[in-house]
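These notes are about the structure you will find just below.
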Amino acid sequence: MKSANEREERRVWKGGATTPERSAWLSATSPDAAAVAARGRARFRMGILLGALLGLTYGLVSQLINPIAEPGIPFYAPPAGPIGNALLSGLLGAFLGGLTCYPASAARGIIYGAAVALAGIFAYMLIRLDVLGFGGALISSALFSVPLAWLSVPLLALIRWLSERQVDAARDGEAFLRRARLPVALVLVMAFAGAFEIESAEARGNLRDMNDMVQAGLAATTAAAVPEPLRGTFITSIPAEQRDYTLEWTQYDLDRFHELRPPSSFDEHAAVIARFGGSNYVVCLYPTPKQEPNCASYEKLPGKAPERRDD
């Protein structure tokens, strides 16, 4: 049989009365509340820094890859232009990184970050697809946003893990250059991902051709000097007084330009949209990359084309 002292010792260590020995043991094995709070703040700051760095890297590469590849072409880059969009990407990355790393629970932080990423992607898609009208843009944005938000989950989890690792490594006195290896590798991965935003060779060829035509049209002093595609039936005017414009290449919903589409080679059709100030547009539709385009001018871009009916 156990002695009374043994029974009392067992009761104490199972959660009974607190003794000086038990208090000393808890103090030695429990994390200090101040240290936990300090680690959480450091993780939060590191999450903001990493998120901003990754977001800015992706934003700069994705927004500048096309202007660098095709200097002289004014690419359409809503909502804030190439540099503005890159800065917005950095701000969004900082916010997502901080939000993901703020909660004590890693799972909760990743869920919060993914929810905000979904909202951000949804808002961006609404802006890009505004030509479809509110209903069409709403549906299309929802279809595109959910898969892209799911893709953000592994990245957010990586930011959370890397932030905790950086904080612990700094606390343990690990050299800065050694700690920097993983963040630098992740920055290079984000730069590589941003480079995929480069337009295809076909798109760049159409954009160069359209830019040359618009420049020639704006510089023309006689009707004969205007490039032939810009003298077509559907061209009512070229806003010569507005020298600033942007160009967008697209293969999306080309039926809204149905008057420009020949009845063949539908899968090769592409359009370049020139946006001038004051709600003036010139759209040139290329039936194939090697054919001359059919062009039209608009005071307002056509909305989503009505669905075809098979009678």
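For ALA219 and ASP267, what is the calculated FRET efficiency with R₀ set at 51 Å and r taken between the beta-carbons, to the nearest 0.05? Write out the running numbers ahead of the final one.
Working: r = 35 Å, r/R0 = 0.68.
It comes out at approximately 0.90.
Output the Kirkwood hydrodynamic radius of segment 131-278, Cα pairs only, in Å rounded to one decimal.
One over the average 1/r among Cα pairs gives 20.4 Å for segment 131-278.
Pick out, in residue order, every one of the chymotrypsin sites (Phe, Trp or Tyr not before Pro) in segment 216-294 that is DSSP loop and has at most 15 other C-beta atoms within 10 Å; say none if there are none.
Sparse-neighbourhood loop chymotrypsin sites (Phe, Trp or Tyr not before Pro): TYR252.
Starting from the Cα-Cα distance between GLN242 and ALA33, subtract it from 0.36 nm times their residue separation and give me the gain in nm to one decimal.
Contour length minus Cα-Cα distance gives 68.9 nm.
Return, for the Cα atoms of segment 33-195, the radius of gyration and Dmax in Å, separated by a comma.
Both quantities, over Cα of segment 33-195: 17.5, 58 Å.
Read-outs: derived from the displayed coordinates by stated rules, not from any lab. Here the structure is a predicted model, which means the values were calculated and not measured. Virtual Cβ from ideal backbone geometry, glycine too; neighbours counted across all protein chains shown.
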